[in-house]
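Reading through the structure tokens given below for one structure.
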Amino acid sequence: MNNLLVAAGAGVIALLFAAWTARRVLAEDEGTDTMKTIASAIQEGAAAFLRREYTFLSVFVVIVAIALAVFVDYDALDRFGEQRGEFTDLPRTAAAYILGAISSALAGYIGMYIAVRANVRTAAKARQGLNPALRVAFSSGAVMGITVTGISVIGLVIVYLVTQDTQPLTGYAFGASSIALFARVGGGIYTKAADVGADLVGKVEAGIPEDDPRNPATIADNVGDNVGDVAGMGADLFESYTGSIVAAMALTTAAVVGAEKGVFENTDVANWDSKAFALPLLIMGVGIISAIIGTFLVRTGENATMGRLLWALRTGVFSASGLVLAGTAALLVVMDLPFDLFWAVLIGLVAGQVIGTATEYYTAYEFRPTQNLSKTAETGPATVIIGGLGLGMLSTAVPLITIVVAIWATYQIAGLYGIALAAVGMLSPLGITLATDAYGPVADNAGGIAEQAHLDPAVRQRTDALDSLGNTTAATGKGFAIGSAVLTALALMVTYSQVVGLETIDILDVETMLGLLIGGLMPFVFAALAMGAVGRAAMAMVNEVRRQFREIPGIMEGTGKPDYARAVAISTDGAIREMVLPGLLAVVVPILVGSVIGAEALGGLLIGSIASGSVLALMMANAGGAWDNAKKYIEAGHLGGKGSEAHKAAVVGDTVGDPFKDTAGPSMNILLKLMSIVAVVFGPLFVG
């Protein structure tokens, strides 16, 4: 218990640091009255969307909580009440599910709240220089990154101390995953509908600059950056972080944990009071402190190149990772646990960095793959799309091979527990890795505010440099999330096999084979629904922007005012309506397969979804990032620059890539873990 209280203490420190950082950001200058007015419109639009989204999700959470109370908590009481005297009439799993859902939503809301206030302050600081703007934008990202880790650790400790049972912990992770999926899909639909509409009509058809105030979709586009790439991403990474901890903790109660490798010989692991049970939370606690220290090391000089900006962020991330390793080594010595576990954490961290570096290579425009993709724009949008798809497919090789090697190596070191611990290691410095991701939308918004407020062109150049870097770090963050998702989903699948009593999953068994094929299909159906939703919402946005250009006199001359509110409403309505089916699919299909075909089939479904979903997610995220930066490479003055035919072709490629990298792709890793969590939570119902 003392170990868990230490981890909770680190969580409290995280929240205090986040509050201090937020106060420091909010104390910065907001700029001119025009800048404040634009920022206020973005804040109102983002708050309105989250209110509607969370209102819908609250109904969903209540329904699922009732189902958990009826079918899981009381079923468990009936089955195990005599053997396990600690069971009471309290629906523990349902209560933990509600707490997990609230925690996930809160993490996203806090990130969005600070982001929509940091954007105007970043733009104001960009008038002074690149480093001051980077500090403000990065600090706002750090608020969300550190908040996510703090809330997760505190929430898990509370659930354990109250219940001391495995089922509520998985319920907490289930709640986090449910909100994350809807938030990621809904926010992604919102932001990409606005972005595609603004780009296709504004930049391609009307020939006006990005974020031009004459474009009716520009405010909706800026709002979307926050509800999708900040609030949605915050809930997403909260779910990843929580899921990795729960997977490792749950495995410590299974008889198979590490025993097959002899790592825990003479060590008691198969109970809730074991040191191995507390280790994942303590490693995350060390990661929180390390991430806080790393945030102070991110800074750069004026006129920094893209490479220098990347190294400014890497300095913070690498320093935090090094501190995590030192802290883990100390923990293992103090707790008298096998030092072999250190190598599992190290492998997880190294694997994450390899995935991140490979992602940077394929998506950053200072490297050859994206530069070559830019050149294909000279022959039209078709070759850009072909080239981007090929690049995305090829980019999956290094990350997937890295994950395979990490799984093999950590299994050799510490068995199944080692695999779960690798995911913990990969995500342990999340506080700072998420900060490097979350600051990108803030910089993007800052550029939009600078354009709409008619600030000096040098301001927009500085924000564009930060924005382009943000695209690369965002792709890196998605790679981390996908890599950890595979490791976590595998660990959860093992937990599921223990819950339902499956010693092995025979892929030649007909029921397993059926589940395997359904699981392989799921990511493609899910991606199709998400992509189709963006397409339909984008069509409505395109038609609305065209209508306003056609019917409102004086827009192009700057004498007429666009109806920004109408565009915001279109994105909001489309996102809320379209996010329902993909979100329900992830919950309903595993329950149907388990109840209709059987527990073996559900095991096959998990295997098939992990195999196909991980590859599809990486391909979509990396292709989308490359398309976006190929456009920015041309906008930087290459191949004819802005307004050229190559630029127009690259914009088309970018619009295809938008739902790839910001809606379907990043939602895939949540899908994999959510289906695994659903299988674990409802697994006892499928036995026999």
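For the reader, a short list of remarks on this structure follows.
- Residue in the range 302-313 that is in a helix (DSSP H, G or I), at pLDDT below 90, closer than 20 Å to LEU434 by Cα and not hydrophobic (A, V, I, L, M, F, W, C) present: yes
- Flag for THR252 being surrounded by 15 or more Cβ atoms within 10 Å (Cβ to Cβ), over 21 Å from PHE17 (Cα atoms), at pLDDT below 80 and polar (S, T, N, Q): yes
- Taken over the range 333-342, the criterion of being assigned to a helix (DSSP H, G or I) and buried (at least 19 other Cβ atoms within 10 Å of the Cβ) is satisfied by LEU341, PHE342.
- Of the residues VAL424, VAL404, the single one that is at pLDDT 85 or above, farther than 25 Å from VAL656 by Cβ and out of contact with any helix residue (DSSP H, G or I) (no Cβ under 7 Å at 6 or more places or on another chain) is VAL404.
- Looking across the range 443-468, the residues that are assigned to a helix (DSSP H, G or I) and among the small types (Gly, Ala, Ser) come down to ALA443, ALA446, GLY447, GLY448, ALA450, ALA458, ALA465, SER468.
- Among the numbered conditions (1) closer than 26 Å to LEU389 by Cβ; (2) buried (at least 19 other Cβ atoms within 10 Å of the Cβ), the only one that ALA601 does not meet is (1).
- Residue in the range 594-611 that is free of Cβ contacts under 8 Å to residues at least 24 places away in the same chain and over 13 Å from ILE482 (Cβ atoms) present: yes
- A residue that is among the hydroxyl-bearing types (Ser, Thr, Tyr), within 26 Å of the chain's Cα centre (by Cα), under 27 Å from GLY150 (Cβ atoms) and buried (at least 24 other Cβ atoms within 10 Å of the Cβ) occurs nowhere in the range 449-464.
- With respect to being within 23 Å of SER139 (Cβ to Cβ), more than 17 Å from the chain's Cα centre (by Cα) and assigned to a helix (DSSP H, G or I), SER497 falls outside the description.
Here's the yes/no breakdown for (1) acidic (Asp, Glu); (2) outside any loop (DSSP other than H, G, I, E, B); (3) under 22 Å from the mean Cα position of the chain (by Cα); (4) under 28 Å from ALA489 (Cβ atoms):
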| residue | (1), (2), (3), (4) |
| --- | --- |
| THR370 | no, yes, no, no |
| SER374 | no, yes, no, no |
| ILE385 | no, yes, no, no |
| GLY392 | no, yes, yes, yes |
| ILE401 | no, yes, yes, yes |
| ALA406 | no, yes, yes, yes |
| TYR411 | no, yes, no, yes |
| GLY418 | no, yes, no, yes |
| ALA423 | no, yes, yes, yes |
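- Selection within the range 99-142 - part of a helix (DSSP H, G or I) and polar (S, T, N, Q): SER103, SER104, ASN119, THR122, ASN131, SER139, SER140
- The residue list ARG536, ARG550 contains one member that is among the basic types (Lys, Arg), without any contact (Cβ under 8 Å) to a residue 40 or more places away in the chain and in a helix (DSSP H, G or I), which is ARG550.
- Residue selected from the range 608-643 under the condition part of a loop (DSSP other than H, G, I, E, B) and aliphatic (A, V, I, L, M), by the criterion nearest to the chain's Cα centre (by Cα): ALA636
- Looking only at residues in the range 115-140 that are within 15 Å of PRO441 (Cβ to Cβ) and surrounded by fewer than 24 Cβ atoms within 10 Å (Cβ to Cβ), the one that is farthest from the chain's Cα centre (by Cα) is ARG117.
Table: residues versus (1) out of contact with any helix residue (DSSP H, G or I) (no Cβ under 6 Å at 6 or more places or on another chain); (2) surrounded by 15 or more Cβ atoms within 10 Å (Cβ to Cβ); (3) not acidic (Asp, Glu).
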{"site": "ALA7", "(1), (2), (3)": "no, yes, yes"}
{"site": "ILE13", "(1), (2), (3)": "yes, yes, yes"}
{"site": "TRP20", "(1), (2), (3)": "yes, no, yes"}
{"site": "VAL25", "(1), (2), (3)": "no, yes, yes"}
{"site": "GLY31", "(1), (2), (3)": "no, yes, yes"}
{"site": "GLN43", "(1), (2), (3)": "no, yes, yes"}
{"site": "ARG51", "(1), (2), (3)": "yes, no, yes"}
{"site": "LEU57", "(1), (2), (3)": "no, yes, yes"}
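- Among the criteria (1) under 30 Å from the mean Cα position of the chain (by Cα); (2) surrounded by fewer than 15 Cβ atoms within 10 Å (Cβ to Cβ), the one ARG550 does not fulfil is (1).
- Residues located in the range 258-301, provided they are modelled with pLDDT of 70 or more and either touching a strand residue (DSSP E or B) at 6+ places or on another chain (Cβ under 7 Å) or of a type in the set (D, E, K, R) (or both): LYS275, ARG299
- Scanning the range 644-666 for residues that are in a helix (DSSP H, G or I) and of a type in the set (S, T, N, Q) yields a total of 2.
- Any hit, the range 589-597, residues being more than 30 Å from the chain's Cα centre (by Cα) and either in a helix (DSSP H, G or I) or at pLDDT below 85 (or both): yes
- Of residues in the range 100-158 being without any contact (Cβ under 8 Å) to a residue 60 or more places away in the chain and not aliphatic (A, V, I, L, M), the one nearest to TRP20 (Cα to Cα): TYR113
- Selected residue [among the aliphatic types (A, V, I, L, M) and buried (at least 21 other Cβ atoms within 10 Å of the Cβ)] from ILE610, ILE591: ILE610
- Within the range 3-51, the set of residues being more than 25 Å from the chain's Cα centre (by Cα), within 30 Å of LYS275 (Cα to Cα) and of a type in the set (Val, Ile, Thr) comprises just one member, VAL6.
- One residue from ALA646, ALA617, ALA650, ALA621 being in contact with a Leu (Cβ under 7 Å, 6 or more places away or on another chain), aliphatic (A, V, I, L, M) and at pLDDT 85 or above: ALA646
- Counting the residues of the range 12-45 that are touching a Gly at 6+ places or on another chain (Cβ under 9 Å) and at pLDDT 90 or above gives 7.
- Residue within the range 213-230 that is at pLDDT below 80 and either aromatic (Phe, Trp, Tyr) or not in a helix (DSSP H, G or I) (or both) present: yes
- A single member of GLY447, GLY440 is under 25 Å from ILE634 (Cβ atoms) and either out of contact with any helix residue (DSSP H, G or I) (no Cβ under 6 Å at 6 or more places or on another chain) or modelled with pLDDT under 85 (or both), and it is GLY440.
The values are calculated or read from the model by the stated rules, or taken from the named source; none is laboratory data. Remember, predicted model here, so these are calculated numbers, not experimental data. A quick note on method: Cβ atoms are made from the backbone with ideal geometry, for glycine too, and the neighbour counts reach across all protein chains shown.
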